Every structure is written in C-alpha cells, then in structure tokens.
Amino acid sequence: MRGEPLARHARGPLRFGVSGPYLRVDPLDSEETRPERIADVKAVPAVQIKNERVIVTEWTFAPHAETGQHVHAFDYVVVPLTSGTLRLVEPEGSRDVQLTAGVSYSRPAGVSHNVININAHEFRFLEIELM
C-alpha cells in the first residue's frame with residue numbers, strides 16, 4: 001500500500017549486486033519510504049584534469065545512480081551542472097539536498113558518504129579536489 005514502510009511491501013526479494021544489497025522499489029512509493037540504497041546503478045566519473053594541485057572530475061548520475069560509500073582524501077568544491085536533489089547517506093544518517101546549477105559549495109577532507117541521484121532525470125556535477 002502506498003505510504004507504508006517499504007519493508008512491508010517490497011516488490012521483490014533482497015538481491016545482491018556488485019556493490020552490495022539493494023531492493024526493487026515501487027515507483028509509487030514516497031521519498032520517505034524508499035531505502036537508502038535505491039538501485040545497483042553506479043555514477044560515472046570522468047577525470048578532466050589531474051596534476052599536483054587539483055583533480056577535476058565530472059560526475060554523471062543516471063536516475064537513481066550512486067557513487068558508493070567513500071571518504072574524501074582532500075578538501076573539495078562541487079559545481080552542479082544541473083539542478084535537482086541528491087541524497088547523502090552519511091554516518092550520522094541520510095539527508096536530501098537541493099542543488100542548483102552553477103551554485104557551488106565546498107567541503108573538507110574526511111567527508112564520508114554515498115551520493116544518490118533521487119531525481120527522475122540525469123544529474124551532473126564537477127568535483128574539484130584541492131591537493
């Protein structure tokens with residue numbers, strides 16, 4: 001039933017993929033009832049610049065794609081190329097953040113998270129790591 005917790009009405013069994021377990025999700029479920037792992041689709045990185053000072057990577061996320069859990073070794077800046085909402089799964093819990101194309105933000109080294117595109121459209125951003 002719509003709005004009930006996913007565990008009570010998952011549309012398929014728990015499955016294991018390359019990056020771990022995931023659940024099939026009913027597209028009618030609300031954002032609140034979706035699991036923190038939506039699918040087994042990976043975001044695609046394309047390194048544009050890598051030298052002794054910076055690493056610039058363009059990340060492309062298909063709908064529901066994710067980076068996988070990772071820890072940032074360097075301070076970094078994110079420049080969204082599209083607007084939308086990303087889910088950040090962090091040690092403290094999950095939160096959804098609204099990003100606007102062209103509106104940058106920075107975070108320090110040591111950030112640990114999985115980034116998931118919860119939009120129905122492709123999402124892209126540049127990540128600039130400061131070495």
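Just so it is clear, none of the values below were taken in a lab; they were calculated from the coordinates. The structure displayed is predicted, hence computed values, not measured ones. No Cβ is skipped: glycine too gets one built from the backbone with ideal geometry, and neighbour counts run over all protein chains shown.
The 3J(HN,Hα) values that the Karplus relation (6.51, -1.76, 1.60; θ = phi - 60°) gives for segment 101-116 are, in residue order, 3, x, 9, 7, 8, 10, 9, x, 4, x, 4, 10, 6, 10, 10, 10 Hz. Gly and Pro appear as x.
So, with +1 on the Cβ of K and R and -1 on the Cβ of D and E, and no other charges, what is the size of the charge dipole of segment 44-130 about its Cα centre, to the nearest 20 debye?
Numbers: 6 positive and 10 negative charges, 19 e Å.
So the magnitude is around 100 debye.
Applying D = kT/(6 pi eta Rh) to segment 44-130, where Rh is the Kirkwood radius over alpha-carbon pairs, T corresponds to 25 °C and eta to 0.890 mPa s, the Stokes-Einstein value obtained is 188 µm²/s.
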